[in-house]
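The block underneath contains the structure these notes are about, expressed in structure tokens.
The values are calculated or read from the model by the stated rules, or taken from the named source; none is laboratory data. Treat the numbers as computed from the prediction; the structure is a model and nothing was measured. For neighbour counting, all protein chains shown are included, and Cβ atoms are generated from backbone atoms with ideal geometry for every residue, glycine included. When the accessible area is computed, the model is the full protein with side chains, heavy atoms only, and any ligands, DNA or RNA have been set aside. Shrake-Rupley method; radii C 1.70, N 1.55, O 1.52, S 1.80 Å.
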Amino acid sequence: MPDDNYQLFCKRIHQLIGLDLALYKDKQMKRRIGTYMTRLGVSNYLELANLLSKDEEALNSFKEFLTINVSEFFRNPEQFEILKTKIMPEIIRPNSRFRVWSAGCSDGCEPYTLVIILEELGIKNYEILATDFDVGILARAKTGAYKIDSLRNVSPILLNKYFLKGEGDIYQFNPKLAMQVKFLHHDLLSGKYEKNLDLILCRNVVIYFTEEAKNQVFMKMSQALRQDGVLFVGGTESILAPKKFGFQTIYPFFYKKVSNLEATML
Ligand SMILES: C[S@@+](CC[C@H](N)C(=O)[O-])C[C@H]1O[C@@H](n2cnc3c(N)ncnc32)[C@H](O)[C@@H]1O
């Protein structure tokens, strides 16, 4: 695929949808966009940008195509077991509201998994913020309806306890408990971050970001956590130099905030 106009294309997309593709790894993005161009029969970035600026439907489908939404309940179950048995008991404080952020929450499997874990631990005073850049996927998350494929790691006991059987192979997450999750549109690259969070899950999201963008996200996440709060990342997203962000590795993929760093960007 021709790549001479890629920077220009990134600028046009930034103006059109507010997402800065220049902060995503070039190679992966170009490969992905290339597949999209072939599918549409478009031969270069300029042509694609022109098409997207004229056709809202195409723009929406492009947005959906760009964001990789794959998720499931208890993704990497062994890591969620560590979260439940080792991390949560240590960071949940009595008489204090437990505040969690699922960043890049996709279709909601991740924040609803958190609800299940917290309910199973008997924790009642909690709030879960779940954000994503993709508004389409957030709308789907709010429905709380899932195909059985996303539930393969949910035990029959938990399935029975937290889901209602719908039509065909659809299961509905308990609507009352679903209200514990607040879904919001948020861009990790340009949005403001919360403060004083106890736990952040940012899993399988930053793999597509450039090193610089990734570093900025980790720094902002460190600042968003309270002292001793924990960041939980995906299976391919280990932080190589956690100290740089004020983190200490407590288990693989789990980082505790141990020092307060100034709001300097790396
Ligand atoms: C592969 S899913 C991960 C879902 C879930 N965290 C998990 O591990 O199963 C990645 C999600 O990150 C979101 N995403 C990508 N770039 C983002 C950004 N700049 N800000 C917020 N969310 C973003 C995508 O829309 C997508 O829903």
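Here the stretch 77-257 is assigned +1 on the Cβ of each Lys and Arg and -1 on the Cβ of each Asp and Glu. Its dipole about the Cα centre then comes out at about 580 debye.
Do you know the relative contact order of the chain, to the nearest whole percent, from alpha carbon pairs under 8 angstrom that are 6+ apart?
Details: 388 pairs, mean separation 43.5, N = 266.
Relative contact order comes out at 16 percent.
Computed over protein heavy atoms with a 1.4 Å probe, the carbon and sulfur contribution to the accessible area of the stretch 70-200 reaches 53%. Anisotropy class assigned to the chain is oblate, per the alpha carbon gyration tensor with a/c at or over the 1.5 cut-off and a/b no larger than b/c. Computed from label points 7 Å out along Cα-Cβ, the spacing between ILE123 and ASP187 is 3.1 nm.
Ranking VAL135, VAL100 from most to least accessible surface, computed with a 1.4 Å probe over the protein chains only, gives VAL135, VAL100. A straight Cα-to-Cα reach below 29 Å connects LYS54 with the lysines LYS11, LYS25, LYS27, LYS30, LYS63, residues fewer than 8 places away in its own chain not being considered. A cut-off of 5 Å between modelled amide H atoms, ignoring neighbours fewer than 5 places along the same chain, links HIS186 with ASP132, PHE133.
Using a 1.4 Å probe on the protein heavy atoms, what percent of the accessible area of the stretch 6-66 belongs to carbon and sulfur?
On the way: 1660 of 3400 Å².
In the stretch 6-66, the share of accessible area belonging to carbon and sulfur is 49 percent.
Within the chain, antiparallel bridges make up roughly 40 percent of the DSSP beta bridges whose residues both belong there.
Placing +1 on the Cβ of every Lys and Arg and -1 on the Cβ of every Asp and Glu, with no other charges, gives the stretch 3-112 a dipole of roughly 360 debye about its Cα centre. In this structure, the amide hydrogen of LEU201, modeled 1.01 Å from its nitrogen in the peptide plane, lies closer than 5 angstrom to those of TRP101, SER102, ALA103, PHE232, counting only residues at least 5 positions away or on a different chain. The residues of the chain present an accessible area of 50 Å² per residue when probed at 1.4 Å with all protein chains retained. Only helices enter this figure: runs of n ≥ 4 DSSP H residues, each worth -39500 (n - 2.57), summed and divided by the residues of the chain, yield -11000 deg cm²/dmol at 222 nm to the nearest 500. Surface calculation, 1.4 Å probe, protein heavy atoms: ARG32 sits at approximately 70 Å² accessible.
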